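The values are calculated or read from the model by the stated rules, or taken from the named source; none is laboratory data. Since we're looking at a predicted model, the values are computed, not measured. Here the Cβ positions follow ideal geometry from the backbone for every residue, glycine too, while neighbour counts run over all protein chains shown.
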């Protein structure tokens with residue numbers, strides 16, 4: 001049995017809300033939470049557990065602080081604008097922890113001072129470490145007050161000589177008092193992206209690309225969602241909030257065609273590029289608000305057999321749901337990281353002619369309270 005997490009700063013950090021529980025107890029807690037949320041409409045399936053509940057994050061946003069003349073790394077506390085220092089985060093990958101320690105030493109060597117969020121002074125605001133778990137490639141995004149600094153090539157050489165799996169170093173600029181991904185990105189080493197494999201497909205990951213943080217469990221999540229859809233070769237599939245096309249492209253080999261919609265234009269460009277890389281010709285992508293684009297598609301006589309929905313934590317826009325209902329789509333597979341907004345939307349769909357057939361939880365975020373949930377709904381009028 002996996003023991004409760006060992007971390008000396010977990011109570012200060014509060015990133016692991018379930019740090020006092022062993023993994024089996026966490027699953028029991030999350031199963032109970034699913035049952036409480038869905039018990040009036042359906043009995044949830046047993047949650048799909050993580051094979052390894054530690055070191056699962058492929059993305060880490062690290063902040064830094066001077067302590068006794070030396071730079072240390074830690075986790076940002078937004079409410080207090082403070083930093084919880086650590087030498088090892090049990091949820092970050094081993095590579096991310098090793099790189100973080102190296103950066104501390106090199107920031108001191110190259111006189112790159114951490115940004116003090118209270119005094120509003122310093123240079124390095126944070127560093128985002130992104131890792132392809134399958135490829136082994138790593139991208140660093142240094143977020144600073146300027147997108148240039150002296151001896152940056154020497155700095156990049158020093159980092160990559162110690163960690164040769166780093167394939168991309170980008171510096172971006174931010175003046176915000178919040179932790180952000182930065183703007184005006186500039187490559188100081190390698191390419192603009194790294195690659196990774198998910199569901200047998202290759203994806204490009206840029207400095208600000210949305211990509212699920214637990215790739216091992218994400219594979220299970222998407223596989224289960226597509227399995228629940230029971231796709232046929234003749235099906236036309238709509239993928240709302242498609243991001244960089246992960247679900248869309250995973251569906252493409254199982255159906256006639258896929259249409260992906262996403263508001264973020266850079267994500268759509270990534271989706272199109274990912275389709276090209278993987279030789280997929282039966283997927284098309286639109287950069288637009290989902291409710292506007294689906295209304296436009298329906299006005300042109302488009303019809304869909306299955307709709308995949310994977311919205312932000314706030315859930316679906318009510319107008320989008322109305323458009324989905326008006327489209328008479330036989331099946332909806334709704335993936336969510338927020339079961340409260342998901343059940344709200346599910347109840348609305350049930351009131352408007354859909355029946356909830358199945359609910360499946362997947363534990364993407366061990367040691368936290370978060371649960372990823374998939375539901376399958378059928379249109380009772382069809």
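Determine which single condition residue 168 fails, assuming it passes every other condition in (1) out of contact with any helix residue (DSSP H, G or I) (no Cβ under 8 Å at 6 or more places or on another chain); (2) surrounded by fewer than 18 Cβ atoms within 10 Å (Cβ to Cβ).
(2)
Looking at 266, 299 in this structure, which one is in the same structural domain as residue 346 (by TED's automatic domain parsing), out of contact with any strand residue (DSSP E or B) (no Cβ under 6 Å at 6 or more places or on another chain) and either surrounded by 15 or more Cβ atoms within 10 Å (Cβ to Cβ) or in contact (Cβ under 8 Å) with a residue 12 or more places away in the chain (or both)?
Values: 299 fails: either surrounded by 15 or more Cβ atoms within 10 Å (Cβ to Cβ) or in contact (Cβ under 8 Å) with a residue 12 or more places away in the chain (or both).
When all the criteria are applied, what remains is 266.
In the set 117, 149, 155, which member is farther than 18 Å from residue 187 by Cβ, more than 24 Å from the chain's Cα centre (by Cα) and surrounded by 16 or more Cβ atoms within 10 Å (Cβ to Cβ)? It would help to see each step written out before you state the result.
Values: 149 fails: farther than 18 Å from residue 187 by Cβ; 155 fails: farther than 18 Å from residue 187 by Cβ.
Sole residue among the options that is farther than 18 Å from residue 187 by Cβ, more than 24 Å from the chain's Cα centre (by Cα) and surrounded by 16 or more Cβ atoms within 10 Å (Cβ to Cβ): 117.
Out of 203, 107, which single residue is farther than 19 Å from residue 76 by Cβ and either surrounded by 17 or more Cβ atoms within 10 Å (Cβ to Cβ) or in contact (Cβ under 8 Å) with a residue 24 or more places away in the chain (or both)?
Details: 107 fails: farther than 19 Å from residue 76 by Cβ.
Of the residues listed, the single one that is farther than 19 Å from residue 76 by Cβ and either surrounded by 17 or more Cβ atoms within 10 Å (Cβ to Cβ) or in contact (Cβ under 8 Å) with a residue 24 or more places away in the chain (or both) is 203.
Go through the stretch 266-382 and tell me which strands (runs of 3 or more DSSP E), entirely inside it, have 2 or more residues that are over 25 Å from residue 233 (Cβ atoms) and modelled with pLDDT of 95 or more.
354-362, 372-379
Every residue in the stretch 179-197 that is crowded, with 20+ Cβ neighbours inside 10 Å and either at pLDDT below 95 or not in a strand (DSSP E or B) (or both), please.
Step one: list which residues in the stretch 179-197 are crowded, with 20+ Cβ neighbours inside 10 Å, which gives 182, 193-194, 196.
Residues satisfying the conditions are 182, 193.
All but one of (1) touching a residue at least 60 places away in the same chain (Cβ under 8 Å); (2) in a strand (DSSP E or B) hold for residue 260; which doesn't?
(1)
Mind checking whether some residue in the stretch 42-59 is farther than 15 Å from residue 364 by Cα, at pLDDT below 95, over 20 Å from the mean Cα position of the chain (by Cα) and part of a loop (DSSP other than H, G, I, E, B)?
Filtering the stretch 42-59 down to residues farther than 15 Å from residue 364 by Cα leaves 42-45.
Narrowing the set further to residues that are at pLDDT below 95 leaves none.
There is no residue in the stretch 42-59 that is farther than 15 Å from residue 364 by Cα, at pLDDT below 95, over 20 Å from the mean Cα position of the chain (by Cα) and part of a loop (DSSP other than H, G, I, E, B).
What number of residues in the stretch 30-41 are in a helix (DSSP H, G or I) and in contact (Cβ under 8 Å) with a residue 40 or more places away in the chain?
Of the residues in that region, 6 qualify.
For the stretch 91-104, name all the residues that are in contact (Cβ under 8 Å) with a residue 60 or more places away in the chain and surrounded by 21 or more Cβ atoms within 10 Å (Cβ to Cβ).
Step one: of the stretch 91-104, the residues in contact (Cβ under 8 Å) with a residue 60 or more places away in the chain are 91, 95, 98-99, 102.
Matches in the stretch 91-104: 91, 99.
Might you let me know whether the stretch 65-77 holds any residue that is surrounded by fewer than 20 Cβ atoms within 10 Å (Cβ to Cβ), part of a loop (DSSP other than H, G, I, E, B) and in contact (Cβ under 8 Å) with a residue 24 or more places away in the chain?
No, the stretch 65-77 contains no residue that is surrounded by fewer than 20 Cβ atoms within 10 Å (Cβ to Cβ), part of a loop (DSSP other than H, G, I, E, B) and in contact (Cβ under 8 Å) with a residue 24 or more places away in the chain.
State yes or no: is residue 216 in contact (Cβ under 8 Å) with a residue 24 or more places away in the chain and touching a helix residue (DSSP H, G or I) at 6+ places or on another chain (Cβ under 9 Å)? I'd like the intermediate steps shown before the answer.
On the way: in contact (Cβ under 8 Å) with a residue 24 or more places away in the chain: yes; touching a helix residue (DSSP H, G or I) at 6+ places or on another chain (Cβ under 9 Å): no.
When the stated conditions are applied, residue 216 does not pass them.
Name the residues in the stretch 206-218 that are surrounded by fewer than 19 Cβ atoms within 10 Å (Cβ to Cβ) and part of a helix (DSSP H, G or I), would you?
216 - this is the single residue of the stretch 206-218 that is surrounded by fewer than 19 Cβ atoms within 10 Å (Cβ to Cβ) and part of a helix (DSSP H, G or I).
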